[in-house]
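Okay, structure first, notes after.
Bear in mind these aren't lab numbers, they're just calculated from the coordinates by the rules spelled out. What you see is a predicted model, and the numbers here were worked out from it, not measured in a lab. Here the Cβ positions follow ideal geometry from the backbone for every residue, glycine too, while neighbour counts run over all protein chains shown.
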Amino acid sequence: MSEALGINITDMKQSVKERFFGRLKKVLNSLLSGGNKVRAFNGWVMPVLMYSFGILKWTQTELDALDRRVRTLLTAYRMHHPRSSVMRLYIPRKCGGRGFLNAKTLHNREVCNLREYFLAADVGMHRDVVAVDIRLTPLSLAVENWRKPVVLDTNDRREVWQSKELHGRFFQALHGPDVDLEASVAWLRFGDLFGETEGFVCAIMDEVIMTNNYRRFIVKDGTVDICRACHRPGESIRHIISGCPSLANGEYLHRHNLVARIIHQQLALKYSLVALEVPYYRYVPDPVLDNGHITLYWDRAIITDRTVVANKPDIVVVDRIERRAIIVDISVPHDENLVKAEKEKQNKYIDLAREVVDMWEVDSAIIVPIVVSGNGLIAKSLDEHLRRLSLGGWIKGLIQKAVLLGTARIVRKFLSLQL
């Protein structure tokens, strides 16, 4: 205790902060992926501060300033949008957050735990320490009316995130009854997006991108809310991601085809129609692949005996051994239309499935919709659809990554358009 009185608190705090932010800048300057930068922050940067908790007296104001400066640096290195959800930043990645540790929360929890430990200890030396600690340490063990600091847990942060008008929309969609939460946040846990891309994708999900709609109703700078591409009212981030007709045959189709290429290549590999696997963005599907037993069609109109309006699915598999046909169609809707888009795809090709059974002399024709939302949400039914294609569940992560990168590409190109 007497040794603690000799510590120059001000100098020690300054030394700790310099080392803390020095390490943080090294991590942010590194070539690590976004997820690995978060892990490096939690495992290498934050411990510099954590070892001082309970020894050095940190005020709540100082801790808030530390967390604020961390967010400022994240913004400077484009890992965090200044208007993105702050609460989401400190929620675990398995729950849809960014997974950063919060200095104030860690400090308050550590101080409370240490105080409880010393007060509960039945050892003579510990009792002596408790008796003399009258505001000598941050624990203030001898003070009976000690005010317990606030400790926010994950549930508290989730409630705040959910309550926000803009930020909370993605939270509501993520926790929808038909959404696979674990699969929908897999890109945060296992993905390898760059930190800048991860921050941009989260800003899109939080709907804080500077669209004309955002400028008119949130910033309120008098901007006219007209889409710069289709010139219709309502340039919201939702409109840009999946609702602008001017982007349908270009940017949306490109994103859609990225997913279709993944499915097509995996089916071609499964049936030994191609020999080597290449990155999906370099894969160029052949219109028809055939080995005598399996025929694989890509984006090809099916000529039928009777007129069928919807006769051009993305992928068709004809299995002559099992005497069945599989009609695969891809969709990348907005979050709220995830289930609706899946049902529409199934209903769209019912007539074609009947015609295929009669024409190709197969016993059955099944319709398999592959639907992932523009924000990477995955329906619980996707596992079953992939099983019907005999494809592994690991492919969900690849599809999700392709969609998120496609969405980020769409928004970046859109924002570069002249107003």
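Treat the count of other C-beta atoms within 10 Å as a stand-in for reagent exposure and order Val372, Val111 from fewest to most. Each step should come with its number before you reach the end.
Details: Val372 26, Val111 22.
By the 10 Å Cβ count, ascending: Val111, Val372.
Enter the Cα centre distance for the pair region 199-255 and region 270-333, rounded to the nearest angstrom.
Rounded to whole Å, the Cα centres lie 34 Å apart.
For a quick check, take a GNM of the chain with Cα springs below 10 Å and name the residue from Asp180, Asp290, Asp221 with the largest mean-square fluctuation.
Asp221
To the nearest 0.05, what FRET efficiency results for Met50 and His175 with a Förster distance of 35 Å applied to their C-beta separation? Please report the intermediate quantities before stating the final value.
Details: r = 31 Å, r/R0 = 0.90.
Here the calculated transfer efficiency is 0.65.
Suppose each label sits 7 Å from its Cα in the direction of the beta carbon; what would the Leu136-Tyr283 distance come out to in nanometres?
6.8
How many times 2.2 N^0.38 Å is the alpha carbon radius of gyration of region 312-419? Spell out each step's value before the answer.
Working: Rg = 16.2 Å, N = 108, 2.2 N^0.38 = 13.0 Å.
Dividing the Cα radius of gyration by 2.2 N^0.38 Å gives 1.24.
GNM on the chain, C-alpha springs below 10 Å: top fluctuator among Ile395, Ile237, Ile330?
Ile395
Please state the relative contact order of region 249-412 as a whole percent: Cα pairs under 8 Å, 6+ residues apart?
On the way: 254 pairs, mean separation 34.6, N = 164.
Once divided by the residue count of region 249-412, the mean separation gives 21 percent.
Using a Förster radius of 56 Å, what is the FRET efficiency between Asp319 and Cys112 based on their Cβ-Cβ separation? Nearest 0.05, please. Spell out each step's value before the answer.
Numbers: r = 63 Å, r/R0 = 1.12.
E(calc), rounded to 0.05, equals 0.35.
Test of understanding: what is the full-extension gain from Glu336 to Met210, defined as 0.36 nm times their sequence separation minus their Cα-Cα distance?
On the way: separation 126, 0.36 × 126 = 45.36 nm, distance 2.17 nm.
Answer, rounded to one decimal: 43.2 nm.
Which of the helices in the chain, when you take each full DSSP H run, stretch at least 18 Å along the axis at their Cα atoms and have an average Kyte-Doolittle score of 0.0 or higher?
Details: long enough: 9-29 (30 Å, -0.60); 60-76 (24 Å, -0.39); 103-120 (25 Å, -0.42); 253-270 (25 Å, -0.06); 395-415 (30 Å, 0.85).
Those that pass (Cα extent of 18 Å or more, hydropathy at least 0.0) are 395-415.
How much length would be gained if the chain were fully extended between Met125 and His293, taking 0.36 nm per residue of separation minus their Cα-Cα distance, in nm to one decimal?
Working: separation 168, 0.36 × 168 = 60.48 nm, distance 8.14 nm.
Full extension of this stretch gives 52.3 nm more.
Describe numerically, in nm with one decimal, the distance between label points set 7 Å from Cα along Cα→Cβ at Lys380 and at Glu144.
5.4
If you take every DSSP beta bridge fully contained in the chain, what fraction is antiparallel? Give it as a percent rounded to 5. Don't jump to the answer; show the numbers that get you there.
Values: 16 of 25 bridges.
The antiparallel proportion sits near 65 percent.
Relative to the present Cα-Cα distance, how much length would full extension add between Ile7 and Gln346 at 0.36 nm per residue of separation? Can you show the working numbers first?
Working: separation 339, 0.36 × 339 = 122.04 nm, distance 7.10 nm.
Taking Ile7 through Gln346 to full extension adds about 114.9 nm, to one decimal.
Distance between the C-alpha centers of region 157-190 and region 73-104? Whole Å please.
Going from one Cα centre to the other spans 14 Å.
Expressed as cubic angstrom per residue, what is the convex hull volume of the alpha carbon set of the chain?
Numbers: hull volume 77.9 nm³, N = 419.
Per-residue hull volume (Cα only) is 186 Å³.
Taking neighbour Cβ counts within 10 Å as the exposure measure, how do Thr407, Thr223, Thr307 sort from fewest upward?
Details: Thr407 26, Thr223 17, Thr307 8.
Ascending Cβ contact count within 10 Å gives the list Thr307, Thr223, Thr407.
Here are some pairs, Lys345/Lys396; Lys26/Lys94; Lys26/Lys104; Lys57/Lys94; Lys104/Lys396; Lys148/Lys220; which of them have Cα atoms lying more than 30 Å apart in this structure? Please report the intermediate quantities before stating the final value.
Values: Lys345/Lys396 19 Å; Lys26/Lys94 26 Å; Lys26/Lys104 22 Å; Lys57/Lys94 33 Å; Lys104/Lys396 37 Å; Lys148/Lys220 41 Å.
Check vs 30 Å cut-off fails for Lys57/Lys94; Lys104/Lys396; Lys148/Lys220.
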